[in-house]
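Novice: Before I ask anything, let me first share the structure, which is written out below as C-alpha cells.
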C-alpha cells in the first residue's frame, strides 16, 4: 500500500467528507488509514493525541451519492438498498443465495462477486468463530473484525457453498464476534488446528454429503492451514465499553488510545467507523 499519508497537528482540521471503513494493512501492529474527502490520514500516527469527529447532519448513499435521511445496510439509500444484489438478504445469509435459480437482482454482479472462490475460516476475536470471505479478503476480513488469530479451513467455488459449510459448522461454534468483548482486550490464544480437526470430525457426515452433491473440486477441506496472528495499535483497553452513535451525538471527541477492528477506542468511548459509512463528517 502506497499512501500519501497526512499526520495532522493537534487542533487542526484534517479533512471533511463521507466516512468509509478504514483501509487496513498487515503489520505488527495492523496499520490503519482513514480515507476522507480525498485525504489519507495515518490513524496509527494519531495514537495518544486528541481527536474530534463532527457529523454535519448529511448522509450520502455510497452507491449513487444522493442525500438520504437514513443509512440502510451501512451506507445505502433506501432505493438502492432494496434493488442492489449486494444488499440482498443472501449477503447476510449466503446459504440462501438464489443465483442458481436465475433470480439474482444483478446477475453480472453475482457472477463477479458470488460465483467466485470463497474461503471458510476460523477466527479468534472474542473467542472462536466461523466465517466466510472471498480469497482476496484474507487477512483484511480478520483485521476488520479485530481478530488476533485466523486460519482458513475450506476453499469452495461459490459464496453459496461457503454459506452451506458455515451453517454446518455454526451448529458447534459461534458465527459472530462479540464486539464488546473484542474491545476489552486481546483474546486468549486458541489451538485453531485442534478446533478445526474437532469440527471436521463432528461434522463429517454433513460435509461428506455436501461434497457428494457438489463435487470434491468444488468443496475442498483444508487440513493444513496456517495460523495468522494479528496485533493492533492499542495503548489502553477500556474497562467498560461505551459506544458513540453519530445520530444521537453528532460530536465525538477524546484522546485516541487504540484502534481495533473498525473501531476507534477513545478515552471517552468507542465508535464504529464502518457503522457510519456515508456520514459526512469533519475530522480535526
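Novice: I'm trying to understand the selection: among the residues of the range 91-108, which are without any contact (Cβ under 8 Å) to a residue 60 or more places away in the chain, under 20 Å from the mean Cα position of the chain (by Cα) and surrounded by 14 or more Cβ atoms within 10 Å (Cβ to Cβ)?
Specialist: 91
Novice: Scan the range 5-36 for residues that are within 18 Å of the chain's Cα centre (by Cα) and at pLDDT below 95 and jot them down.
Specialist: Selection gives 26, 27.
Novice: Testing residue 225 on (1) at pLDDT below 95; (2) over 30 Å from residue 158 (Cβ atoms); (3) in contact with a strand residue (DSSP E or B) (Cβ under 6 Å, 6 or more places away or on another chain), one condition comes back false. Which one is that?
Specialist: (2)
Novice: Whether any residue in the range 176-190 is in the same structural domain as residue 225 (by TED's automatic domain parsing) and part of a strand (DSSP E or B) is what I want to check.
Specialist: no
Novice: Here is a follow-up. Can you confirm whether residue 70 is in contact with a strand residue (DSSP E or B) (Cβ under 8 Å, 6 or more places away or on another chain) and assigned to a loop (DSSP other than H, G, I, E, B)?
Specialist: yes
Novice: Hey, could you check the range 13-43 for residues that are assigned to a loop (DSSP other than H, G, I, E, B) and touching a helix residue (DSSP H, G or I) at 6+ places or on another chain (Cβ under 6 Å) and say which is surrounded by the fewest Cβ atoms within 10 Å (Cβ to Cβ)? Give the steps one after another, and end with the answer.
Specialist: Step one: filter the range 13-43 for residues assigned to a loop (DSSP other than H, G, I, E, B), giving 13-14, 19-22, 26-30, 37-38, 43.
Those still in the list that are touching a helix residue (DSSP H, G or I) at 6+ places or on another chain (Cβ under 6 Å) too: 19, 21, 30.
On the way: 19: 26, 21: 19, 30: 22.
Going through the qualifying residues, I end up with 21.
Novice: Out of the range 157-175, which residues are part of a loop (DSSP other than H, G, I, E, B), surrounded by 14 or more Cβ atoms within 10 Å (Cβ to Cβ) and touching a helix residue (DSSP H, G or I) at 6+ places or on another chain (Cβ under 9 Å)? Let's see the steps before the verdict.
Specialist: First pass over the range 157-175, keeping only residues part of a loop (DSSP other than H, G, I, E, B): 157-158, 170-173, 175.
Then drop every residue that is not surrounded by 14 or more Cβ atoms within 10 Å (Cβ to Cβ), which leaves 157-158, 170, 173.
Scanning the range 157-175 gives 157, 158, 173.
The values are calculated or read from the model by the stated rules, or taken from the named source; none is laboratory data. Given the structure is predicted, the values throughout are model-derived calculations rather than measurements. Every residue, glycine among them, receives a Cβ derived from its backbone with ideal geometry; neighbour counts consider all protein chains shown.
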